[in-house]
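Trainee: If you scroll down you'll find the structure; I have some questions about it.
The values are calculated or read from the model by the stated rules, or taken from the named source; none is laboratory data. Everything numeric here is computed off the predicted structure, so don't read it as measured data. Positions of Cβ are generated from backbone atoms using ideal geometry, with glycine treated the same way; all protein chains shown enter the neighbour counts. Note: accessible area is taken over every heavy atom of the protein model, side chains too, but ligands, DNA and RNA are not part of it. Shrake-Rupley method; radii C 1.70, N 1.55, O 1.52, S 1.80 Å.
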Amino acid sequence: QLQLVESGGGLVQPGGSLRLSCAASGFTLDYYAIGWFRQAPGKEREGVSCISSSGVSTEYAEFVKGRFTISRDNAKNTFYLQMNDLKPGDTAVYYCAVGVPTVQTQCLTRRYELWGQGTQVTVSS
């Protein structure tokens, strides 16, 4: 019954914005690492952004730095990816993920135990 349910994807014009949501059920997000990943057609999955299980560090891939913001709302058991200034290269299926507490400090490369179903983001004029 542990689930991550994603929403917020869709079609947006270049320069536009979307906010992706990832709602956790069956467990409480507190103290888990959270991350967003994406997979574009014909490409491997890549890390977008994450917050470590300690909550101390936040990471962004270079290709989204300054445009995307990751956040969490523990009261709602939900975390988010605010995506601004979207570009056609951002077109991908976006996945949220959760990882158990670990001493690992770099969260974009760590293992994640639970994944959302994916939500399509298409950036096109």
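Trainee: Would you call T119 out of contact with any Cys (no Cβ under 8 Å at 6 or more places or on another chain) and among the polar types (S, T, N, Q)?
Mentor: The answer is yes for T119.
Trainee: Sticking with this structure for a sec: In the range 97-125, how many are in contact with a Phe, Trp or Tyr (Cβ under 7 Å, 6 or more places away or on another chain) and closer than 20 Å to E62 by Cβ?
Mentor: First, the residues of the range 97-125 that are in contact with a Phe, Trp or Tyr (Cβ under 7 Å, 6 or more places away or on another chain): 97-101, 115-116, 118-119, 121.
Narrowing the set further to residues that are closer than 20 Å to E62 by Cβ leaves 97, 121.
Number satisfying all stated conditions: 2.
The rows are residues; the columns are (1) among the aromatic types (F, W, Y); (2) at pLDDT 95 or above; (3) within 24 Å of Y32 (Cα to Cα).
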{"position": "K65", "(1), (2), (3)": "no, no, yes"}
{"position": "F68", "(1), (2), (3)": "yes, yes, yes"}
{"position": "N77", "(1), (2), (3)": "no, yes, yes"}
{"position": "L81", "(1), (2), (3)": "no, yes, yes"}
{"position": "L86", "(1), (2), (3)": "no, yes, no"}
{"position": "Y95", "(1), (2), (3)": "yes, yes, yes"}
{"position": "V103", "(1), (2), (3)": "no, no, yes"}
{"position": "Q120", "(1), (2), (3)": "no, yes, no"}
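Trainee: Now for a different question. Mind checking which pairs have a first residue in the range 1-27 that is closer than 14 Å to L81 by Cβ and in a strand (DSSP E or B) and a second that is open to solvent by 60 Å² or more (accessible area, probe 1.4 Å) and among the aliphatic types (A, V, I, L, M), Cβ under 9 Å, 6 or more apart or different chains?
Mentor: Every condition considered, the pairs that remain are S21/V5; C22/V5; A23/V5.
Trainee: For the range 1-32, which positions are open to solvent by 70 Å² or more (accessible area, probe 1.4 Å), under 21 Å from S124 (Cα atoms) and polar (S, T, N, Q)?
Mentor: Correct list: Q13 only.
Trainee: So which residues in the range 13-62 are of a type in the set (A, V, I, L, M), closer than 19 Å to R111 by Cα and within 15 Å of the chain's Cα centre (by Cα)?
Mentor: Hits for the range 13-62 are A24, L29, A33, I34, V48, I51, A61.
Trainee: I would also like to ask the following. So, in the range 102-125, exactly how many residues are among the charged types (D, E, K, R) and either assigned to a strand (DSSP E or B) or open to solvent by less than 60 Å² (accessible area, probe 1.4 Å) (or both)?
Mentor: Counting residues in the range 102-125 that are among the charged types (D, E, K, R) and either assigned to a strand (DSSP E or B) or open to solvent by less than 60 Å² (accessible area, probe 1.4 Å) (or both) gives 1.
Trainee: Inside the range 33-101, counting only strands (runs of 3 or more DSSP E) that do not spill past its ends, which hold 3 or more residues that are open to solvent by less than 60 Å² (accessible area, probe 1.4 Å)? Explain how you work it out, then say what you get.
Mentor: Numbers: elements: 33-39, 46-51, 58-60, 68-73, 78-83, 92-99.
In the range 33-101, 33-39, 46-51, 68-73, 78-83, 92-99 are the strands (runs of 3 or more DSSP E) which contain 3 or more residues that are open to solvent by less than 60 Å² (accessible area, probe 1.4 Å).
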